[in-house]
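One structure is given here, and the rest of the page talks about it.
The values are calculated or read from the model by the stated rules, or taken from the named source; none is laboratory data. Values in this document were obtained by computation on a predicted structure and should not be read as measured data. So basically every Cβ, Gly included, is an ideal-geometry build from the backbone, and we count neighbours across all protein chains shown.
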Amino acid sequence: MRPGPIFKVLGTLLMFFSVTMLTPIIVSWIYHEHNLFPFLISFVITMSSGLLFFLASARSKKHLTVKDGFIVVIAVWSVLGLYGSIPYMYSKGLYLGFSDAVFESVSGFTTTGATVIHGLQNLPKSILYYRQQSQLLGGMGIIILSVAILPMLGVGGMQLYRAEANGPWKENKLTPKIADTAKVLWMIYLLLVVLCIVSYRVAGMDWFYAICYAFSTIGTGGFAPTDASFANQTPLIYSVAIFFMLISATSFALHFTAFRKLSVKVYWRDPEFRAYIFWGFSMAVIVILTLIAQGVEKGNENAFWDGLFQVASFVSNTGFTSNSAYHDWPLFVPILLMIIGLVGGCAGSTSGGLKIVRAVLIRKQAFREARRLVHPNGIFPIKFGNKVMSESVMSSVWGFVAAYFMLFVILWLCMMGLGVPSITAFSAVAACISNLGPGLGEVGVNYANLPTAGHWVLNLAMLIGRLEVFTVVVLFTSDFWRR
């Protein structure tokens with residue numbers, strides 16, 4: 001481990017992040033709120049810390065190693081969560097302690113969307129904007145992480161793609177250098193944000209809410225400026241949200257290729273995107289028909305929009321809710337929604353969860369094992385699209401899934417050990433490790449009633465899910481620390 005380059009990266013990041021803490025001041029000025037102090041003090045503390053980190057390592061000429069990369073990735077999200085909590089602790093009307101403020105901050109930057117705040121609509125617009133901005137920044141950070149950084153470290157869904165699968169990432173790198181890749185991804189990401197804002201405004205939202213909801217929609221975060229989340233909206237607004245949630249949970253490498261070739265055919269040629277759309281459509285049909293058959297909603301039209309919106313929200317891991325009583329829907333629907341969230345969207349997107357590509361490969365592996373029982377000497381290669389997957393890729397997929405669910409069970413037991421009811425504990429861990437947000441039971445709407453220790457367990461779950469599991473697990477291996 002080389003502290004010099006690590007501190008230099010963290011210092012640079014904190015200085016950049018401190019500047020973003022000034023934008024809510026503009027919102028406060030526009031709406032005449034005089035809510036400046038929380039953001040000014042946050043700016044001073046964060047900028048000072050960043051300068052100290054940077055100056056302490058300014059003379060270091062060493063470059064980051066792969067091991068340093070793992071530490072930087074984990075440190076970045078941890079540091080953002082800690083420093084991002086400062087405005088919550090000092091903002092009037094919130095009265096959040098350190099643990100609650102860190103939970104809200106980590107939830108924002110990991111684009112999870114779980115909240116401990118009640119009465120959002122009564123808060124200053126500056127703090128509401130700050131919450132949404134954290135998901136905008138977190139979403140972009142995730143794209144840079146998953147498409148540019150994690151593949152260099154040998155982990156993440158895009159590493160699987162670049163190693164073995166066919167598709168736009170196989171042709172060549174998006175750009176020769178990471179810095180150029182980051183610029184391209186920023187352009188695509190911000191373009192989608194602008195299009196989403198304009199679409200919400202045209203659909204009937206005012207500018208402030210259009211901006212706030214767009215930040216969370218493209219970041220697939222789930223934070224909303226009201227306790228109602230996405231309830232009581234028009235079908236047109238629901239349609240805009242559904243479209244952009246699904247687009248944001250699609251690989252940004254795929255978006256890049258589609259924009260470069262000016263062709264939408266690129267999407268349908270991608271095997272993961274086809275599986276993603278088929279999975280979402282199938283789940284929507286099941287949920288909508290169940291709601292209609294059970295007579296849950298007032299009329300079939302409400303059942304259609306609520307069911308479609310909720311599935312789109314969960315399959316993209318956004319976490320918006322169109323109906324605050326979704327966790328009380330009948331039969332298997334609430335558990336099905338949680339499973340949909342655990343699967344998640346596409347690799348290389350702002351979505352969380354296992355990712356569709358891994359779910360597809362696990363299904364193919366299961367059927368291959370069944371065929372081997374019938375034909376013990378048979379050879380049955382696993383294909384993804386037209387590409388045959390190697391045994392090393394399948395081993396990495398199995399290893400990821402095993403580690404994912406092993407950690408899930410451990411965290412679930414930890415929550416139950418803190419006195420949290422089993423269903424609430426299960427859904428809270430599932431929602432946080434998949435970066436989904438809303439759960440079942442006591443966390444169906446809000447996480448405020450959980451014990452303080454439970455919030456720290458869930459902070460860890462959010463980071464594990466966001467950083468693709470192995471990025472965190474590798475720190476606990478002896479080989480990592482061995483010279």
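Values as computed for the structure displayed
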read-out	value
Conditions (1) under 18 Å from Pro24 (Cα atoms); (2) hydroxyl-bearing (Ser, Thr, Tyr); (3) crowded, with 23+ Cβ neighbours inside 10 Å: number failed by Tyr90	(3)
Residue within the range 2-19 that is buried (at least 21 other Cβ atoms within 10 Å of the Cβ), of a type outside the set (Phe, Trp, Tyr) and more than 25 Å from the chain's Cα centre (by Cα) present	yes
Scan of the range 39-49 for residues that are touching a residue at least 12 places away in the same chain (Cβ under 8 Å) and polar (S, T, N, Q), ordered by number	Ser42, Thr46, Ser49
From Ala325, Ala258, residue being over 16 Å from Tyr238 (Cα atoms), surrounded by fewer than 22 Cβ atoms within 10 Å (Cβ to Cβ), of a type in the set (Gly, Ala, Ser) and touching a helix residue (DSSP H, G or I) at 6+ places or on another chain (Cβ under 6 Å)	Ala258
Any hit, the range 103-112, residues being in a helix (DSSP H, G or I), more than 23 Å from the chain's Cα centre (by Cα), within 20 Å of Thr20 (Cβ to Cβ) and of a type outside the set (Val, Ile, Thr)	no
Hits in the range 50-87 - residues which are in a helix (DSSP H, G or I), out of contact with any Ser or Thr (no Cβ under 7 Å at 6 or more places or on another chain), buried (at least 19 other Cβ atoms within 10 Å of the Cβ) and free of Cβ contacts under 8 Å to residues at least 60 places away in the same chain	Phe53
Of residues in the range 436-483 being of a type in the set (S, T, N, Q) and farther than 20 Å from Gln135 by Cα, the one nearest to the chain's Cα centre (by Cα)	Thr471
Of residues in the range 296-337 being of a type in the set (Gly, Ala, Ser) and in a loop (DSSP other than H, G, I, E, B), the one farthest from Ala224 (Cα to Cα)	Gly299
Subset of the range 360-385 (residues that are in contact (Cβ under 8 Å) with a residue 60 or more places away in the chain and either more than 30 Å from Met462 (Cα to Cα) or out of contact with any Pro (no Cβ under 8 Å at 6 or more places or on another chain) (or both))	Gly385
Wholly within the range 366-476, helices (runs of 4 or more DSSP H) carrying at least 3 residues that are surrounded by 13 or more Cβ atoms within 10 Å (Cβ to Cβ) and assigned by TED's automatic domain parsing to the domain that holds Arg269	391-417
Filter pass, Val374 being modelled with pLDDT under 90 and within 20 Å of Ser313 (Cα to Cα)	no
All positions within the range 18-34 that are at pLDDT below 90 and farther than 20 Å from Trp207 by Cα	His34
Residues satisfying the stated conditions in the range 454-480, i.e. among the aromatic types (Phe, Trp, Tyr) and touching a residue at least 12 places away in the same chain (Cβ under 8 Å)	Trp456, Phe470, Phe480
Subset of the range 349-365 [touching a Lys or Arg at 6+ places or on another chain (Cβ under 9 Å) and assigned to a loop (DSSP other than H, G, I, E, B)]	Ser349, Gly352
